[in-house]
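Below you'll find the structure, written out as structure tokens, and then a few comments.
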Amino acid sequence: MNRYRQFRPFILATALLLLVSSVALACPTCKDNMAHDPASANLVRGYAYSIMFLLSMPPLIFGSLCAYFYWEVRKARAKQGQAELTMGVKV
């Protein structure tokens, strides 16, 4: 029975998640009222755009930083190669 003790938190968390998921599906603001109401179509569209914007920011920031560091490394290597050519010394 001791070897099942380590699985107790996982089983409890899974059971809690399954019990609470039915409550999350019943969100009246997002699911039923706003999806079928033509008056709130712009609000729903705004939510969708804000979610897309928020999801796009981490890859955009990470990609920009990677591109910047790649450019800096290439610039440093080119400068080092130019110094080797002018001095004739390998670094």
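The table that follows gives values for the structure above.
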quantity: Residue in the stretch 19-38 that is out of contact with any Gly (no Cβ under 8 Å at 6 or more places or on another chain) and at pLDDT 80 or above present; calculated: no
quantity: Number of the condition not met by residue 91 [criteria: (1) at pLDDT 95 or above; (2) not in a helix (DSSP H, G or I)]; calculated: (1)
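The values are calculated or read from the model by the stated rules, or taken from the named source; none is laboratory data. Predicted model, so just to flag it, every value in this text is computed and none were measured. Please note: Cβ atoms are built from the backbone with ideal geometry, for glycine as well, and neighbour counts cover all protein chains shown.
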